[in-house]
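Everything on this sheet refers to the single structure shown next.
Bear in mind these aren't lab numbers, they're just calculated from the coordinates by the rules spelled out. Just so it is clear, the structure is predicted and the values come from calculations on it, not from any experiment. Cβ: placed from backbone, ideal geometry, glycine included. Neighbour counts: every protein chain shown.
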Ligand SMILES: Cc1ncc(C[n+]2csc(CCOP(=O)(O)OP(=O)(O)O)c2C)c(N)n1
């Protein structure tokens, strides 16, 4: 084909990334549907960040403890979790706030992950606090011989918060540089406020320069560009044990959250549509294969959604459980 | 005869050597200063943090997530208020994840008035701290408890607030810390020579720690400092000493005041407090934080809820005036926080009330 897209990644890898992007997209669309059908109280998530977050999740060194990567994530990170092997049904469980939700037992909103076995620290609704807690795992991993790194992500508007500056300062202290990969997924909005009205800096990543922190700005809608940029940044942080600031321009394909309607936004680039057109033109996948894949996940998650509806809600008498580690029941 | 500051320092030394404490940090915590109250002098795991309280609390929480034990200091509690959402996050992490994450971290910070610290070195933090579920909160009133409560915090798998009553940091203890030289003027000099950093160049100085041993004050256990049968005073921190002096004065007149040092603010020793109230039928809660939405109000509410028909007089709260800060001038500070005379008067008033 004349204008066929040329990829650098192997077809096998492209297919893997595509599969993950479809899986994430369909999962988020299922979560949105659950919200709209009254099977959840609120939706916020990651459609539009798949081309960046999928390749990110695939390159995480997954495990528990200092020799593995710590993740301090925001609420648009479902592709990262799926790439790491999270079960989609568990996202449905959190959406439905059933007792079987492994991330919070029905206590937190959907896409607020936590998985100690994988070093995924609790996702908090508080914008930007993750850039403060990242400092701590970064310090722990600055220890000699440590192989893991700390990865933190968040949106563009949140970078106005103090913790973002804290992370830049603490990670570049001359006495103890920290192995932290700071990521900003820039969708140009904070809820309804355009970034351009609040930020005088040309690029968020420019803030790294003052601290001598390496940086890159990339098209987060392009999975291949994302893959290599993430690889370079991770390699740097892993071997140099120094911070890196990576800014990825992404889309926000269903608006901010259910509070703004959670409807498809047609005028932003859809990374999955672009990628699929490229895959088709390069002959990596056919349109039918891609449609079938989407339908497969659709059917799977629909069934899982039905199952989740049968699962028990947490009981009101459990509210005192786990205020303290290992404690159950009313303790005072 | 260790001071409270020396006691905390020794506890931290014990923690470094025996309890796996890997980081002790905060503003001016590391060398050369070793803390504005000398609490972290001579330790090996100390370092100076950027002047960034939010970063300090975030770092402590991140270290706890990494299961690396740490103590982080906020130089004065007056400057902790910009970290509240991170503190809430620390208190919430285990609960919000349905029990997935232990959070072994200690935040220590000097609190309270009593040293003419003016507006921004006199705040209390107990009312705010007790509004943050998930933490365990301690405040010692003497050197030995300061040592034992710190060890308890360092062993915890939950976030702890270690509130240091700043007016007591230089007060010497009356009971020995296991391992410290004898409680004599000689012993005091000896200890000072062993663990206090010299003035001037300290770069080559190393402390010589006494043979410290494990002495832990269990979190959640109060202490009856004076036994009495006429009225109970429940307090903590520097007001324990004041209440004790009041009790000693009134004893001569035949008024027997029971003084309870809570030691742990949360989760607190209700068993001890309620047993004492049942005995004396009269209770005064004393602390120096501002009186509106004060922690003592909670204790008072519980006393009313559970013990109303056993009380012989109105339960009372003595607390700080609800004003934005503590004024510097003697008269202003005295008028702002409970004094000896206030506690004495409250005891007399309560006892004179008809049953
Ligand atoms: C500390 C804090 N302030 C405000 C909010 C409410 N809030 C939730 S999301 C959001 C916008 C965040 O924008 P951005 O950082 O760009 O991330 P995005 O949602 O666009 O990915 C705001 C203001 C919050 N959750 N936390």
At 0.36 nm per residue, and after removing the present C-alpha to C-alpha distance, how many nm does the segment from residue B:275 to residue B:218 gain when stretched out fully?
18.6 nm
Angle in degrees between helix B:84-96 and the longest Cα principal axis of chain B, rounded to the nearest 10
90 degrees
Rounded to the angstrom and largest first, Cα extents along the principal axes for the stretch B:223-352 equal 40, 33, 25
How big is D, in µm² s⁻¹, for the stretch B:229-306 by Stokes-Einstein at 4 °C and 1.567 mPa s if Rh is the Kirkwood radius over C-alpha pairs?
101 µm²/s
Using Cβ counts within 10 Å as a stand-in for footprinting exposure, how do B:56, B:284 rank, fewest first?
B:284, B:56
In deg cm²/dmol, rounded to the nearest 500, the helical mean residue ellipticity at 222 nm of the protein assembly as shown, built from -39500 (n - 2.57) for every DSSP H run of length 4 or more, is -11500 deg cm²/dmol
Under the definition of Cα pairs under 8 Å and six or more residues apart, what whole-number percent is the relative contact order of the stretch A:93-229?
16 percent
Report Rg (one decimal) and Dmax (nearest whole number) for chain B, counting Cα atoms only, units Å.
20.1, 66
Any chance you could run the full-extension gain for residue B:321 through residue B:172? It's 0.36 nm times the residue separation minus the Cα-Cα distance, nm to one decimal.
50.7 nm
Rounded, prolate or oblate: which fits the protein assembly as shown, taking a ≥ b ≥ c as square roots of the Cα gyration tensor eigenvalues, rounded meaning a/c under 1.5, else prolate when a/b beats b/c?
prolate
Shielding by partners - mean other protein chain Cβ count within 10 Å, residues of B:101-109
2
Share, in percent, of DSSP beta bridges within chain B that are antiparallel, nearest 5:
15 percent
Can you give the Kirkwood hydrodynamic radius for the stretch A:35-166, in Å, rounded to one decimal and based on Cα pairs?
15.2 Å
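What translational D, rounded to a whole number of µm²/s, comes out for the stretch B:21-92 from Stokes-Einstein when the hydrodynamic radius is the Kirkwood one over Cα pairs, at 10 °C and 1.306 mPa s?
Stokes-Einstein gives a translational diffusion coefficient of 130 µm²/s.
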Sequence gap at least 6, Cα distance under 8 Å: using those rules, report the relative contact order of chain B to the nearest whole percent.
17 percent
Taking every alpha carbon pair in the stretch A:11-312, what does the distance histogram look like in 20 angstrom bins from 0, in percent?
35, 58, 6
Mind sorting A:245, B:199 by how few other Cβ atoms lie within 10 Å of their own Cβ, fewest first?
B:199, A:245
Considering the zone a paramagnetic label at residue B:118 would reach in this model (a point 7 Å from Cα along the Cα-to-Cβ line), which residues of the stretch B:294-336 have amide N under 17 Å from it?
B:324-334
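Using only the Cα atoms of the stretch A:207-280, build the gyration tensor, take square roots of its eigenvalues as a ≥ b ≥ c, and label the shape rounded, prolate or oblate: rounded if a/c is under 1.5, else prolate if a/b is larger than b/c, else oblate.
oblate
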Express in nm, to one decimal, how much length is gained between residue A:331 and residue A:116 on full extension, taking 0.36 nm for each residue of separation and deducting their alpha carbon distance.
74.9 nm
Quick one: work out the % antiparallel among DSSP beta bridges in the stretch B:223-352, nearest 5.
20 percent
Roughly what would the spin-label model give for residue B:131 and residue B:19, points 7 Å off Cα along C-beta, in nm?
2.9 nm
For the residue A:300, residue A:196 Cβ pair and Förster radius 45 Å, calculated FRET efficiency rounded to 0.05 is 0.65
What average count of beta carbons from other chains do you get within 10 Å of the Cβ of residues in A:317-326?
6
Neighbour counts of other C-beta atoms within 10 Å: give me B:36, A:175, B:29 arranged from fewest to most.
A:175, B:36, B:29
Label-to-label distance, nm, for residues given as residue A:286 and residue B:44 (7 Å Cα→Cβ offset):
6.9 nm
Please sort B:157-166, B:119-128 by packing, taking for each peptide the average over its residues of neighbouring beta carbons within 10 angstrom, highest first.
B:157-166, B:119-128
Distance between the stretch A:265-326 and the stretch A:95-150 - C-alpha centres, whole angstrom
21 Å
Relative contact order for the stretch B:223-352 using alpha-carbon pairs under 8 Å, separation at least 6, rounded to a whole percent?
27 percent
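I need the shape label for the stretch B:156-307. Rule: rounded when a/c is under 1.5, else prolate if a/b > b/c, else oblate, with a, b, c from the alpha carbon gyration tensor.
Prolate shape, in that a/c is at least 1.5 and a/b is the bigger ratio.
Among A:186-196, A:132-142, how do they line up by average Cβ neighbours within 10 Å per residue, starting with the highest?
Output ranking for A:186-196, A:132-142: A:132-142, A:186-196.
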If you line up the Cα atoms of the stretch B:4-195 on their principal axes, what length do they span on each, largest first, in Å?
53, 39, 29
Sorted from largest down, what three extents in whole angstroms do the Cα atoms of the stretch A:104-207 have along their principal axes?
44, 42, 17
Per residue of A:124-132, how many C-beta atoms from partner chains lie within 10 Å of its own C-beta, taken as a mean?
5
Take each of the peptides A:47-54, A:283-290, B:345-352, average the number of other beta-carbon atoms within 10 Å over its residues, and list them starting from the highest.
A:47-54, B:345-352, A:283-290
For the pair residue A:146 and residue A:263, how long in nm is the line joining their label points, each one 7 Å along Cα→Cβ?
4.8 nm
